[in-house]
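**Student:** The following block contains the structure, expressed as structure tokens.
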Amino acid sequence: MRILHVTPYFAPAFRYGGPPRSILGLCRALQRAGVEVGVFTTTANGDTALPTSPVGGDRYDGVPVWYFPWAFPRRLFGVRGLGEALESELGKCDVLHIHGLWTLPGWIATRRARRAHVPYVISPRGMLDPWSMAHRRIRKRIAYWMADRWNLRGAAFLHATSSSEATAIRNWTRGVPIVTLPNGVDVPETRTLGAFRRRLNVSADAPLLVSLGRLHVKKRLDLLAAAFERILPLHPLAHLVIAGPDEGGYRRKVESRFAAVSRRVHWTGELQDAEKWALLADATALVMCSDSENFGLAVLEALAAGVPVVVVETCPWEEVQATRCGFWVPQSAEAIADALLALLRDPEGARAMGERGRALARAKYSWDAIARAMADRYEAVVDARSGRVAAR
């Protein structure tokens, strides 16, 4: 079975948040499950484009990938050469898997798939969630009514990464099967303790609180600033690390909110994978304050690293409260601060939370198990198509 993935951005364009990592993780695990995969994407990578692929394509971490030139209109991830490549490649694949909405690569891919009578599935990647639909609302309504609603309705199934995302998808698209499968995580075999603290000159006994993800208005770093202001007088040795690429100059807009605690705040910019895992190895807790997340990969990465988490209720991680791996709290600075202070008051209890989180990540969020389930879904699509073809 051969599955071709189409996405507007792919590894190493991690500045676009969780999707490039999740798509890469899925593709690698599908390969281990015996599924042949390929990725068609653009060279988009923020301000600096990635190199265009040669005719035979590239490989990233063992995954075959073709990077097509990012072109006008860049906001919609315009691309050159993708349609022609799909024309010749679709005859060799069983299912086309499209990631994201509102982009030209997705529109081109669905049109070509229908023309070639190749079934396709779509992972909206949070783009139908209420916050996302309210952001740049008019543009998205136009795109939905002109293109994306038809593309969604024509899918063999739609992929959600959480039950809340499945609900959001169902609110916009009726009658199409929805498959809910989470993102997974690959945990490094070894951990390097102390390296990130040395990099920041933070002592081994100082609380190290971490926010991990792109700097964007929906991440609500203003709430994090207010929460940390409440924490620092009670824990004057505490440090806060804000790690992730700056999107649209958001750091400049929000950094003034941290003025009162700036001496204890570290802005690292985008981290490579090894740096990210080194940071989590040294973290006391991870905090996520976002207005919306379809999944929230940073939470899963923290759990896999044995780090307790504090997540607001606008993110789909009520599971951390149910399994006692952290706290799922109202989206307010006071609630966030109270939960973090509870962790800092009880180091032994926090460590136990971290260990439960590590066990949960290994038991439920293995990429290999998720990929096998996704491969079964692809197989069902292929079988259904074969039955239709035979019936003709």
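**Student:** From the list GLY46, GLY81, GLY106, which one is of a type outside the set (Lys, Arg) and modelled with pLDDT under 95? Even if it seems obvious, please write down each step before you answer.
**Tutor:** Working: GLY81 fails: modelled with pLDDT under 95; GLY106 fails: modelled with pLDDT under 95.
Selected residue: GLY46, the only one of GLY46, GLY81, GLY106 that is of a type outside the set (Lys, Arg) and modelled with pLDDT under 95.
**Student:** Which one of the conditions (1) in contact with a strand residue (DSSP E or B) (Cβ under 7 Å, 6 or more places away or on another chain); (2) touching a residue at least 12 places away in the same chain (Cβ under 8 Å); (3) over 25 Å from ALA147 (Cα atoms) does PHE14 fail to meet, given that it meets all the rest?
**Tutor:** Checking PHE14 against (1) in contact with a strand residue (DSSP E or B) (Cβ under 7 Å, 6 or more places away or on another chain); (2) touching a residue at least 12 places away in the same chain (Cβ under 8 Å); (3) over 25 Å from ALA147 (Cα atoms), the one that fails is (1).
**Student:** Please specify each residue of the range 106-124 satisfying the condition of being of a type in the set (A, V, I, L, M) and within 15 Å of GLY81 (Cα to Cα).
**Tutor:** ILE108, ALA109
**Student:** Could you please tell me which pairs satisfy a Cβ distance under 8 Å, a separation of 6+ or placement on different chains, a first residue in the range 284-312 that is closer than 22 Å to ALA226 by Cα and outside the structural domain of LEU240 (by TED's automatic domain parsing), and a second residue that is part of a loop (DSSP other than H, G, I, E, B) and modelled with pLDDT under 95?
**Tutor:** Nothing qualifies.
**Student:** From the list LEU303, LEU286, which one is assigned to a helix (DSSP H, G or I), in contact with a helix residue (DSSP H, G or I) (Cβ under 9 Å, 6 or more places away or on another chain) and farther than 21 Å from HIS97 by Cα?
**Tutor:** LEU303
**Student:** Still on this structure, please answer the following. Note down all Cβ pairs under 6 Å where the first residue falls in the range 252-270 and is more than 16 Å from LEU212 (Cα to Cα), the second is in a helix (DSSP H, G or I) and aliphatic (A, V, I, L, M), and they're at least six residues apart or on different chains.
**Tutor:** From the range 252-270, the pairs are ARG257/ALA225; PHE258/ALA225.
**Student:** Considering only residues that are touching an Asp or Glu at 6+ places or on another chain (Cβ under 9 Å) and touching a residue at least 40 places away in the same chain (Cβ under 8 Å), look in the range 52-93 and name the one that is surrounded by the most Cβ atoms within 10 Å (Cβ to Cβ).
**Tutor:** Out of the qualifying residues, it is TYR67.
**Student:** On to the next question. Scanning for something in contact with a Ser or Thr (Cβ under 8 Å, 6 or more places away or on another chain), outside the structural domain of ASN151 (by TED's automatic domain parsing) and at negative phi, does the range 244-253 turn up at least one residue?
**Tutor:** The answer is no; no qualifying residue exists.
**Student:** So in the range 203-215, with the set limited to residues that are of a type outside the set (S, T, N, Q) and free of Cβ contacts under 8 Å to residues at least 40 places away in the same chain, which one is farthest from LEU271 (Cα to Cα)?
**Tutor:** Residue satisfying both the conditions and the ranking: ASP205.
**Student:** Moving to a separate point now. Which condition from (1) outside the structural domain of ALA339 (by TED's automatic domain parsing); (2) assigned to a strand (DSSP E or B) is the one that VAL210 breaks?
**Tutor:** (1)
**Student:** Go through the range 315-341 and count every residue that is without any contact (Cβ under 8 Å) to a residue 60 or more places away in the chain and not in a helix (DSSP H, G or I).
**Tutor:** Residues flagged as without any contact (Cβ under 8 Å) to a residue 60 or more places away in the chain and not in a helix (DSSP H, G or I) within the range 315-341 amount to 10.
Quick grid of which residues meet (1) among the charged types (D, E, K, R); (2) touching a Gly at 6+ places or on another chain (Cβ under 7 Å); (3) surrounded by fewer than 14 Cβ atoms within 10 Å (Cβ to Cβ):
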site: ASP346; (1), (2), (3): yes, no, yes
site: GLY357; (1), (2), (3): no, yes, no
site: ALA363; (1), (2), (3): no, no, yes
site: TRP367; (1), (2), (3): no, yes, no
site: ARG372; (1), (2), (3): yes, no, no
site: TYR378; (1), (2), (3): no, no, no
site: GLY387; (1), (2), (3): no, no, yes
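**Student:** Could you please find all residues in the range 270-299 being touching a strand residue (DSSP E or B) at 6+ places or on another chain (Cβ under 7 Å) and farther than 29 Å from ASP129 by Cα?
**Tutor:** Of everything in the range 270-299, those that are touching a strand residue (DSSP E or B) at 6+ places or on another chain (Cβ under 7 Å) and farther than 29 Å from ASP129 by Cα turn out to be LEU279, ASP282, ALA283, THR284.
**Student:** So, one more: Within the range 107-157, track down each residue that is within 29 Å of LYS219 (Cα to Cα), crowded, with 21+ Cβ neighbours inside 10 Å and β-branched (Val, Ile, Thr).
**Tutor:** Scanning the range 107-157 gives VAL121, ILE122.
**Student:** Specify the residue that is nearest to the chain's Cα centre (by Cα); the eligible residues are those in the range 217-243 that are in contact (Cβ under 8 Å) with a residue 60 or more places away in the chain and assigned to a loop (DSSP other than H, G, I, E, B).
**Tutor:** By that ranking, first place goes to ARG220.
The values are calculated or read from the model by the stated rules, or taken from the named source; none is laboratory data. Treat the numbers as computed from the prediction; the structure is a model and nothing was measured. For neighbour counting, all protein chains shown are included, and Cβ atoms are generated from backbone atoms with ideal geometry for every residue, glycine included.
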